[in-house]
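Chemist: Supplied in structure tokens, the structure appears directly below.
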Amino acid sequence: MEKSIGTIQTKLPGTGTSIFATMSQMAAENHAVNLSQGFPDFPVSEELIDRVYHYMKAGMNQYAPMQGVETLRQAISKMFADKYGVTYNADTEINITAGATQALFTAISAFIKEGDEAIIFEPAYDCYAPAITLSGGQVKYSKLQFPDFSINWDELLRMINHRTRLIIINSPQNPTGSVLGREDMERLEKLTHNTDIIILSDEVYEHLIFDGMKHQSSCLFPELAQRTLVIGSFGKTFHATGWKTGFVLAPEKLMAEFRKVHQFVVFTSNTPVQYAIADFIGNKENYLHLGAFYQKKRDLFSKGLENSRFKILPTHGTYFQLLDYSGISDKSEMDFARWLVEEHKIAAIPVAPFYQNHDENKVLRFCFAKKEETLRKATKILSDI
């Protein structure tokens with residue numbers, strides 16, 4: 001008979017299955033249109049797939065260097081130089097990762113120690129807080145101001161103290177679709193001046209920005225950039241979330257610490273995919289027009305809801321749209337999301353789980369990274385409610 005190991009002390013009390021897995025499972029069980037989890041239902045570029053196959057056939061199937069394939073690091077350096085006019089050294093300031101979530105976890109692990117505080121803005125993407133907790137840090141929550149989800153700068157100023165080690169920003173922001181402006185970034189730069197605070201800038205939706213707005217990357221602000229790790233994702237950019245390929249940009253001093261942890265978390269990531277993406281981003285046309293591509297989908301989705309009972313909240317980036325259902329029901333967000341799946345066969349994500357206290361604003365998040373036929377079907381269902 002096996003011996004019992006006794007009581008297991010969990011390091012993440014209160015943490016269960018993610019809302020993404022929960023809603024996607026409900027969508028599958030109810031044969032619903034799935035606008036919950038953030039993944040496209042249209043194909044990856046054939047050209048990009050062909051490049052992956054090319055490198056597989058060419059034998060590029062063994063471990064890549066720990067920091068990533070050199071040609072991809074050089075291509076990323078050129079992409080940022082072309083788009084933002086900033087230069088990151090391909091050897092010492094760029095690292096390829098197994099997706100953005102791994103990059104975020106590794107960065108948090110590298111810099112947060114017991115007793116440190118890290119500030120995140122809620123509603124927050126769900127991987128930030130657990131990684132901070134696992135590293136022995138304390139999560140401090142600054143609530144974005146509803147309904148435009150702007151930063152409360154007075155509150156943020158009060159939260160910063162000598163234990164503040166890390167501030168995580170996310171723009172364009174998941175789940176809200178809000179975007180930080182130049183004034184926001186300048187205020188953050190000023191607020192962290194002469195401190196030891198590190199900025200973790202989650203910019204995985206950098207190319208998915210609408211309405212003529214410009215992405216204010218942390219790399220554009222020289223003093224801020226010196227304390228910032230910028231996180232990017234090719235999965236989001238090229239509709240290939242299952243490839244789990246991301247990257248980190250950081251000054252050499254910060255990157256050296258990141259790599260100390262990275263080598264033991266995952267060491268490296270998919271080799272032929274890295275070579276293929278290096279070729280693909282060599283052509284600017286493969287990423288410069290993504291904002292217009294997704295804005296067309298956003299506009300199709302919102303136009304299809306013009307005569308619905310839902311209130312459309314502004315979204316200026318990502319591929320998510322928040323809908324306010326307060327004019328339809330008094331149900332909680334989770335109950336309303338469950339009702340939509342079971343009774344109307346359409347799945348969305350409640351925003352309440354992105355808050356530590358599950359704040360209720362009666363809004364759901366819908367993913368519009370879908371084929372036109374999927375979006376038209378979805379808007380028909382929602383408009384008939």
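Chemist: Within segment 37-52, work out how many residues are in contact (Cβ under 8 Å) with a residue 12 or more places away in the chain and farther than 30 Å from ARG365 by Cβ.
Modeler: Residues in segment 37-52 being in contact (Cβ under 8 Å) with a residue 12 or more places away in the chain and farther than 30 Å from ARG365 by Cβ: 3 in total.
Chemist: Looking only at segment 286-317, how many residues end up being surrounded by fewer than 15 Cβ atoms within 10 Å (Cβ to Cβ), within 22 Å of LYS214 (Cα to Cα) and at pLDDT 95 or above?
Modeler: Residues meeting the conditions: 4.
Chemist: While we're looking at this one, here's another question. Scanning for something assigned to a loop (DSSP other than H, G, I, E, B), of a type outside the set (Ser, Thr, Tyr) and at pLDDT 95 or above, does segment 11-25 turn up at least one residue?
Modeler: no
Chemist: May I ask you to list the residues in segment 297-333 that are touching an Asp or Glu at 6+ places or on another chain (Cβ under 9 Å) and either free of Cβ contacts under 8 Å to residues at least 60 places away in the same chain or part of a helix (DSSP H, G or I) (or both)?
Modeler: The answer is LYS297, LEU300, LYS311, ILE312, TYR325, SER329, SER332, GLU333.
Chemist: Only residues that are part of a loop (DSSP other than H, G, I, E, B) and either out of contact with any Pro (no Cβ under 7 Å at 6 or more places or on another chain) or without any contact (Cβ under 8 Å) to a residue 12 or more places away in the chain (or both): list them for segment 338-369, please.
Modeler: Selection gives LYS345, ALA348, GLN356, ASN357, HIS358, ASP359, GLU360, ASN361, LYS362, PHE368.
Chemist: Considering ALA103, ALA124, ALA131, ALA98, which residue is in contact (Cβ under 8 Å) with a residue 24 or more places away in the chain, crowded, with 23+ Cβ neighbours inside 10 Å and over 16 Å from LEU249 (Cβ atoms)?
Modeler: ALA124
Chemist: Take the residues in segment 88-142 that are touching a strand residue (DSSP E or B) at 6+ places or on another chain (Cβ under 9 Å) and among the acidic types (Asp, Glu); name whichever of them is farthest from VAL261 (Cα to Cα).
Modeler: GLU122
Chemist: What are the residues in segment 248-268 that are in contact with a helix residue (DSSP H, G or I) (Cβ under 6 Å, 6 or more places away or on another chain) and either β-branched (Val, Ile, Thr) or under 16 Å from GLU70 (Cα atoms) (or both), if any?
Modeler: The answer is VAL248, VAL261, VAL265, VAL266.
Chemist: Take the conditions modelled with pLDDT of 95 or more, closer than 26 Å to ILE160 by Cβ and not acidic (Asp, Glu) and apply them to ALA110. Does it pass?
Modeler: yes
Chemist: A further question follows. Is segment 41-58 home to any residue that is in a loop (DSSP other than H, G, I, E, B) and more than 20 Å from LEU290 (Cβ to Cβ)?
Modeler: yes
Yes or no, residue by residue, for (1) under 27 Å from ALA347 (Cα atoms); (2) loosely packed, with under 14 Cβ neighbours inside 10 Å; (3) within 22 Å of the chain's Cα centre (by Cα); (4) of a type in the set (Phe, Trp, Tyr):
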site	(1), (2), (3), (4)
ALA21	yes, yes, yes, no
ALA28	yes, yes, no, no
HIS31	yes, yes, no, no
SER36	yes, no, yes, no
PRO40	yes, no, yes, no
VAL52	no, no, no, no
ASN61	no, yes, no, no
VAL69	no, no, no, no
LEU72	no, no, yes, no
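Chemist: Could you list, in sequence order, the residues of segment 348-379 that are farther than 17 Å from SER308 by Cα and aliphatic (A, V, I, L, M)?
Modeler: ILE349, VAL351, ALA352, ALA369
Chemist: Starting from segment 76-93, take each residue that is assigned by TED's automatic domain parsing to the domain that holds VAL248 and list its partners that are β-branched (Val, Ile, Thr), counting only C-beta distances under 7 angstrom and pairs at least six apart or across chains.
Modeler: As it stands, the answer is ILE76/ILE94; SER77/THR87; SER77/ILE94; MET79/ILE281; PHE80/VAL86; ALA81/THR87; TYR88/ILE94, since those pairs meet every condition given.
Chemist: Of all residues being in a strand (DSSP E or B), charged (D, E, K, R) and under 29 Å from LEU323 (Cα atoms) in segment 106-159, which is farthest from the chain's Cα centre (by Cα)? Just the residue, please.
Modeler: LYS140
Chemist: Kindly provide the set of residues from segment 182-238 that are in contact (Cβ under 8 Å) with a residue 60 or more places away in the chain, in a loop (DSSP other than H, G, I, E, B) and either among the aromatic types (Phe, Trp, Tyr) or under 23 Å from THR97 (Cβ atoms) (or both), ordered by number.
Modeler: VAL204, TYR205, HIS207, LEU208, PHE210, HIS215, SER217, PHE238
Chemist: Would segment 366-373 turn up any residue that is aromatic (Phe, Trp, Tyr), farther than 15 Å from GLU122 by Cα and touching a strand residue (DSSP E or B) at 6+ places or on another chain (Cβ under 7 Å)?
Modeler: The answer is yes; a qualifying residue exists.
The values are calculated or read from the model by the stated rules, or taken from the named source; none is laboratory data. The shown structure was predicted, so the numbers you read here are calculated from the model rather than taken from an experiment. So basically every Cβ, Gly included, is an ideal-geometry build from the backbone, and we count neighbours across all protein chains shown.
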